[in-house]
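Heads up: the structure comes next, in structure tokens.
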Amino acid sequence: MGLADAFTLICVVAGAVLFLAGTLGLLRFPDTLSRLHALSKADNLGLGLIVLGLMPQQASLMGGAKLVCIWLLAQLSAATASQLIAGIAARRKPQA
Amino acid sequence: MAESLTLIALFVLLASAAGLAIVLRSHIAIEKLMAVQLLGTGGAATLLLLGAATAQPALADVALLLVLLSAFSCAAFTLGEGESPEAAAKPDEPS
Amino acid sequence: MTVPSSPRRPLWRPSLLGRGLLFFALWLVLIGAALKDWPVGLVAAAAATWASIPLWPPESRLSATGLARFVLRFLPQAVAAGLDVARRAFARRIAMKPGIVTYRASLRPGLAQGALCAVMSLQPGKLPVSCAARGDMRVHCLDSDASVTAELAADEAAFLRILPGGRAGG
């Protein structure tokens, strides 16, 4: 196994662990907004690590750039969406 | 390498599916919306891993589409929320 | 949504051209560089530029060094945020005290404050709930007794540095 493959495996496994953490957070955190924390933060870091790990496996530079774009889009949309969702949650029950 | 990537893809898929089950069981509409986000990130991660394992870059397109769809459905949900009467004193909403 | 009113100036400005080129480059990365697809890409880039005008007025500018410092500051924090959530999720006992902290931002409401809220939702243990008008932000925190206000102020100061002219009067 080459150095690149080792890098891939380490990053990808770390990403998978973060996805597990996100699910555990959904299961264990006490209130809706905390669960939203788990979802938006852990899962997006997991996706980022997986993208980072898959970098050396890409055939072309373009493929790598595309992966980064996908991650950026996911990160941006998560940042905005999680906060929109939180806004709705707070409006529905102001003392959330 | 392909086998390990497929295995990890399966793991991520299972973790996301478990999360989906938790979120969808909830009675709160917002938690159901969180399922959309979970599907976006978890699905994208699974597809990217599978795409790398099977050397099919086209799966990245599907992943991109999933992320895009989840972003749009969150925006649409928020817009629909804005039209409801309870949101009369709506604070300005970031775009 | 408060959008700074777009002035009656000619829309064809160098900054818009550069923005359109950026969109086209993004399109090339996502779709592929085959020459026969270029017309569609050019139309898409033009449409994206047109759609971006009300959201991001051409006269607002970002400072490049500020942007670099911003990435250097917030990227590690986004990683720390993910690790923080993971640590809490794996902990044997859930030790947290979720609550909502009110913070008075000095940014004017609008796009800049929206962006600030989006950035803050990536910070460890914080999630803005409402970025209402009048500059009051309600932030949901996993640990509401931590020194949240100071951290928020530091984050906002770092954010303001990439936004010359984004500071509100009071």
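The values are calculated or read from the model by the stated rules, or taken from the named source; none is laboratory data. Everything numeric here is computed off the predicted structure, so don't read it as measured data. Neighbour counts are summed over all protein chains in view; Cβ atoms, including those assigned to glycine, are modelled from backbone coordinates with ideal geometry.
Here's the yes/no breakdown for (1) over 15 Å from B:ALA15 (Cα atoms); (2) at pLDDT below 85:
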{"residue": "A:ALA16", "(1), (2)": "no, no"}
{"residue": "A:PHE19", "(1), (2)": "no, no"}
{"residue": "A:GLY22", "(1), (2)": "no, no"}
{"residue": "A:LEU27", "(1), (2)": "no, no"}
{"residue": "A:PRO30", "(1), (2)": "yes, yes"}
{"residue": "A:GLY48", "(1), (2)": "yes, no"}
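Suppose we keep only residues that are facing chain C (nearest Cβ under 8 Å) and without any contact (Cβ under 8 Å) to a residue 24 or more places away in the chain within the stretch A:24-36. Which one would you say is surrounded by the fewest Cβ atoms within 10 Å (Cβ to Cβ)? The qualifying residue surrounded by the fewest Cβ atoms within 10 Å (Cβ to Cβ) is A:PRO30. The condition of being in contact with a Lys or Arg (Cβ under 6 Å, 6 or more places away or on another chain) and surrounded by 18 or more Cβ atoms within 10 Å (Cβ to Cβ) holds for only one of C:SER121, C:SER130, that being C:SER130.
Checking the stated criteria, A:LEU73 turns out not to satisfy the condition of being more than 8 Å from chain C (Cβ to nearest Cβ), buried (at least 23 other Cβ atoms within 10 Å of the Cβ) and free of Cβ contacts under 8 Å to residues at least 24 places away in the same chain.
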